[in-house]
Amino acid sequence: MARTAHYKSDKTSKVKIDRIIITKNFWEYFILDMKTNIEDPNIVYAIVYGNECEMGLVDLNELKPYIVVDTNITKRTEISPPPGWVWV
C-alpha cells in the first residue's frame with residue numbers, strides 16, 4: 001500500500017510513494033508507485049534526496065550494496081515526506 005504526497009506549492013502534482021530506501025551515505029530514495037515503459041522491473045521512478053531533491057529513474061540493482069534501510073510505506077508509517085512535499 002502506497003501513501004500519497006503532493007508538492008507543497010502545487011497540490012495537483014500528486015504521487016504515490018511505495019517505499020523508502022536509505023543508503024550508507026544517508027541519501028533517501030522515495031520509490032514511486034508509477035509504471036515505467038522500461039522492461040526491467042529494477043528501474044523505478046523515485047524522488048531522491050541527497051545533495052538536492054529531484055525526481056527521476058533509479059536502478060535498484062545499483063543501490064543494493066549500499067542500502068541500510070528499505071521499508072514499505074503505508075498510511076501508518078511514521079516518516080517524513082520528501083523535502084518540499086507533504087502527505088495528503
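A short reminder: the numbers here are calculations on the coordinates, not readings from a lab. This structure is a prediction, so every number in the text was calculated from the model and none was measured. Here the Cβ is made from the backbone with ideal geometry for all residues, glycine too, and neighbour counts use every protein chain on show.
Near residue 74, once Lys and Arg are set to +1 and Asp and Glu to -1 for all other residues with Cβ below 13 Å from its Cβ, the sum equals +2. Close amide-amide hydrogen proximity is noted between residue 34 and 45, each under 5 Å apart and 5 or more residues distant or on a separate chain (H modeled in the peptide plane; Pro and chain starts excluded). In loop segments of region 1-53 as defined by DSSP, the chymotrypsin sites (Phe, Trp or Tyr not before Pro) with at most 14 further C-beta atoms inside 10 Å of their C-beta are 26, 27.
Residues 77, 23 in ascending order of nearby Cβ atoms (within 10 Å, fewest first): 77, 23.
In sequence order, region 56-63 has phi-based couplings of x, 8, 10, 9, 4, 4, 6, 7 Hz under the Karplus curve 6.51 cos²θ - 1.76 cosθ + 1.60, θ = phi - 60°, and Gly or Pro positions carry x. Dividing the summed -39500 (n - 2.57) terms of all DSSP H runs of n ≥ 4 by the residue count of the chain sets its mean residue ellipticity at 222 nm at -500 deg cm²/dmol. Here the Karplus relation 6.51 cos²θ - 1.76 cosθ + 1.60, evaluated at θ = phi - 60°, turns the backbone of region 39-51 into coupling constants of 6, 6, x, 8, 9, 9, 7, 8, 9, 10, 10, x, 5 Hz, with x for every Gly and Pro.
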